Amino acid sequence: MNLEFTAGEQAFRDEVRAFIAENHPKELGDFGMREDMTREEMVAWHKVLGAKGWSVPAWPVEYGGTGWTPTQRYIWSEENARANTFMPLPFGVSMVGPVIYTFGNEAQKAQHLPGIRSGEVWWCQGYSEPGAGSDLASLKTTAVRDGDHHVVNGQKTWTTLAQHADWGFFLCRTDPSAKAQEGISFILIDMKTPGVEVKPIKLLDGGYEVNETWLTDVRVPVENLVGVENKGWTYAKFLLAHERSGIAGVARSKRGVEKLREIAANETMDGAPLINDFDFAKKVSQLEIDLAALEITELRTLAGEQAGKGPGPESSILKIKGTEIQQRLTELTLEAVGTYGAPYYGSIANDTGSNEYAVGPAHAQHAASTYFNMRKTSIYGGSNEIQRNIITKMILGL
Amino acid sequence: MDFNFTEEQDMVRDGLSRLVREQYDWETRRKAISSSAGWRPEVWAKLAELGILGMPFSEADGGFGGGAIDAMVIMEEFGKGLVVEPFAPTVVCAGGFLKHGGTAAQKEEHIGGIVAGSSVFAFAYAEPRGRFDYADLETTAKKDGAGYILNGHKAVVIGAPWASHLIVTARTGGERRDRSGVSVFVVAKDTAGIATRDYVTVDGRRAAEVYFENVAVPAEALIGAEGAGLALIELVTDEAIAALCAEACGAMKVAHAMTVEYSRQRKQFGVPIGSFQVLQHRMVDMYTAYEQAVSLTYLATLRLGSDEVERKRAVSAAKVGVGQAARLIGQEAVQIHGGNGVTDEYAIGHYFKRLTIFESEFGNVDHHMKRHIALS
């Protein structure tokens, strides 16, 4: 057992670090995510990686994966977090892509995988419904066979960034007489099809990143059904396990802790840097300790994957702790900025001609809105309550 | 010992409760806070008409003879409806400075306007680098003949866009963070040399950065003795903290009730989610935290007239306990509402945002824990 990188892994780290430094689009700066990003900005890095052949590292090599070991993939995430790049969105790369190459037919692979790799095609996820959140299997959207088509009717919700989507993957009920988990199919829908309507949902931080997606008599060619009809639940669960393993966000949180320390070094309390305050420093260290534990837990999971074990129910630990840490980071950032957490920067014109707003220090600007926004993380991707249920059943056997 | 409210206090609560229910419904509030004014002056006028704005002033000062308990009753009702109108800055803060430190002439000049609703105040105390220390001031007031010249920058002054007057803290002597040398001034907002940059706050109120550039004020603008303002500021902000704790209790009560109700209505797995024991116990913990917060709010309010150490300990205890409860209840209420909890459409997110900002007003949990330790 050891934690050191091999010489080969160190060389790999130097290579990717140099690649990011040379190729990450300069106009994106090092903001990571910004609320006002355009579609073009959000896919800019994805397209560079697509051209390089690095956009889907975890995929099998035959479908365009890099063949990197889990350690190399870990290094890759670390280096991207270090440069605060805006990584390819998960909907294509981590969600529908693996479903298509695992369960799809050759025609579906040929049609969809290239666009996911290149970043040309934007995907969204049609899972949740107003009445089907944690209880996803109670979904009501129907797909009824009519000749060469399925006619889809229903309402999906929380469809993240569907305002930009070209395609969506939807869970639809194809056998209404079957039990809840049976009778669901996994269907790919071109978002330009008549009857698809995307309506924005305003979130409590003032942003618009999720939508309601209404499907009214949407005619979808039968060949867009992935795998076997009525077996969609199996694919949905497969996808959720993949989603969870990436959801821990360890590398980003490590960058976040560094940033928090910088902020706390620049905020003053009683004439001294806030980070010198024992109470605050203790909270930052506690967070760092939790994160160090999570990092090793994730590496142990990755090592298990390398040994041929797929992401199992222990990935629920990564989701729970990963999101708790992400949320705690935003809590402490908001605490650190003190008084300047209160202004709503969405209402303050940026008339200074730079990234500096005239109100408060730059590092305070998104503290409150990020804190509010990140409450979603313990709700999405299977709420943390559901993750605990999974561990209860699958690991504790209760 | 007596935890009963007077008949008059019950009447005030009922009247305000009706006002909030009938004239401060969610859609009306939403429209008001997103309008260019950001508040409803007609609500302010109504509060004046009902005698609410005069409640905590003595009859001799032109008020209705109430005190801190009345302010608590009022603020709790405002918290329930997330009322944005600036009762705390105007009546509790400015009113407090006038009551405790004002000359007969200052009371005469300003209290009547507050009670009638014609004067609106904001309290300009925070500074960009001062964090929660009222004495960590870079704003200066230099003696100039009989009067003073003010220079400086006040941060996140709640209610300033609506204000006709400002209470301003400034250093008349000593060094940054010295306990002595702090003075308090009352200034009309339209005085030459005052500039503001107005904005919306994340909890739906309005605030401003307020800049003073060679603002000349007369000697009569000084409240209390020159250089001895800190004790007065601590007294008034303790009163403000007790009032804000009451507001938070009102907001927490509603947030908790909304969450319990949502858990009754929302069905997953064929049953109301409120039937899951894991959620039941968390809602019990929220309820317990709320009741403890109410107790600490009573304690702080009832100790406002005690000696300085006892008062400060009780107020800091409340700001710690109510602050912790506010975070717990806000976060759990959102979590139990699921995706709906993070939308702008559902009211719960707005309660969560108000409770979040409450946490850091007049010092956060860490700050008041330190003050409590220092006095123990």
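The values are calculated or read from the model by the stated rules, or taken from the named source; none is laboratory data. No experiment lies behind these values; they were computed from the predicted model shown. We place every Cβ from the backbone using ideal geometry, glycine too, and count neighbours over all the protein chains shown.
Overview of values
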| read-out | value |
| --- | --- |
| Some residue of the stretch A:123-143 being away from chain B (no Cβ under 14 Å), over 24 Å from A:Pro60 (Cα atoms) and not small (Gly, Ala, Ser) | yes |
| Residue, farthest from A:Met95 (Cα to Cα), within the stretch A:187-246, restricted to residues that are within 14 Å of another protein chain (Cβ to nearest Cβ) and of a type in the set (A, V, I, L, M) | A:Leu204 |
| Condition check for A:Gly360: surrounded by 18 or more Cβ atoms within 10 Å (Cβ to Cβ), in the same structural domain as A:Glu335 (by TED's automatic domain parsing), of a type in the set (Gly, Ala, Ser) and at pLDDT below 90 | no |
| Top-ranked residue in the stretch A:368-383 [being at the interface with chain B (Cβ under 8 Å from one of its Cβ atoms) and part of a helix (DSSP H, G or I); ranked as farthest from B:Ile357 (Cα to Cα)] | A:Ser378 |
| Number of the condition not met by B:Arg131 [criteria: (1) assigned to a loop (DSSP other than H, G, I, E, B); (2) touching a Cys at 6+ places or on another chain (Cβ under 6 Å); (3) among the charged types (D, E, K, R)] | (2) |
| Candidates B:Ile149, B:Ile114, filtered to the one that is among the aliphatic types (A, V, I, L, M), assigned to a strand (DSSP E or B), at pLDDT 95 or above and outside the structural domain of B:Ala257 (by TED's automatic domain parsing) | B:Ile149 |
| Hits in the stretch B:100-128 (condition: surrounded by fewer than 16 Cβ atoms within 10 Å (Cβ to Cβ), within 19 Å of B:Ala48 (Cβ to Cβ) and of a type in the set (S, T, N, Q)) | B:Ser118 |
| Residues of the stretch A:205-237 classified as within 30 Å of A:Tyr371 (Cα to Cα) and not small (Gly, Ala, Ser), total | 9 |
| Residues within the stretch B:313-337 that are surrounded by fewer than 22 Cβ atoms within 10 Å (Cβ to Cβ) and either among the hydroxyl-bearing types (Ser, Thr, Tyr) or within 9 Å of chain A (Cβ to nearest Cβ) (or both), tallied | 3 |
| Which numbered condition B:Val184 misses (of (1) touching an Asp or Glu at 6+ places or on another chain (Cβ under 9 Å); (2) at pLDDT 95 or above) | (1) |
| Output for the stretch A:174-209, where each listed residue is in contact with a Gly (Cβ under 6 Å, 6 or more places away or on another chain) and of a type in the set (D, E, K, R) | A:Asp175 |
| Check on A:Ala342, touching a helix residue (DSSP H, G or I) at 6+ places or on another chain (Cβ under 6 Å), modelled with pLDDT of 95 or more and not hydroxyl-bearing (Ser, Thr, Tyr) | yes |
| Options A:Leu215, A:Leu239, A:Leu171; residue that is out of contact with any strand residue (DSSP E or B) (no Cβ under 8 Å at 6 or more places or on another chain) and hydrophobic (A, V, I, L, M, F, W, C) | A:Leu239 |
| Subset of the stretch A:280-310 (residues that are surrounded by 14 or more Cβ atoms within 10 Å (Cβ to Cβ) and not hydrophobic (A, V, I, L, M, F, W, C)) | A:Lys283, A:Glu288, A:Asp290, A:Glu295, A:Thr297, A:Glu298, A:Thr301, A:Gly304, A:Glu305 |
| Subset of the stretch A:180-200 (residues that are surrounded by fewer than 20 Cβ atoms within 10 Å (Cβ to Cβ) and part of a strand (DSSP E or B)) | A:Asp190, A:Glu197, A:Val198, A:Lys199, A:Pro200 |
| Cross-chain or 6+ apart pairs with Cβ under 6 Å, the stretch A:284-301 first and assigned by TED's automatic domain parsing to the domain that holds A:Ile263, then exposed (fewer than 15 other Cβ atoms within 10 Å of the Cβ) | none |
| Hits in the stretch A:208-246 - residues which are in contact with a Ser or Thr (Cβ under 7 Å, 6 or more places away or on another chain) and part of a loop (DSSP other than H, G, I, E, B) | A:Glu209, A:Glu229, A:Asn230 |
| Filter pass, B:Thr196 being surrounded by fewer than 24 Cβ atoms within 10 Å (Cβ to Cβ), more than 19 Å from the chain's Cα centre (by Cα), part of a loop (DSSP other than H, G, I, E, B) and among the β-branched types (Val, Ile, Thr) | no |
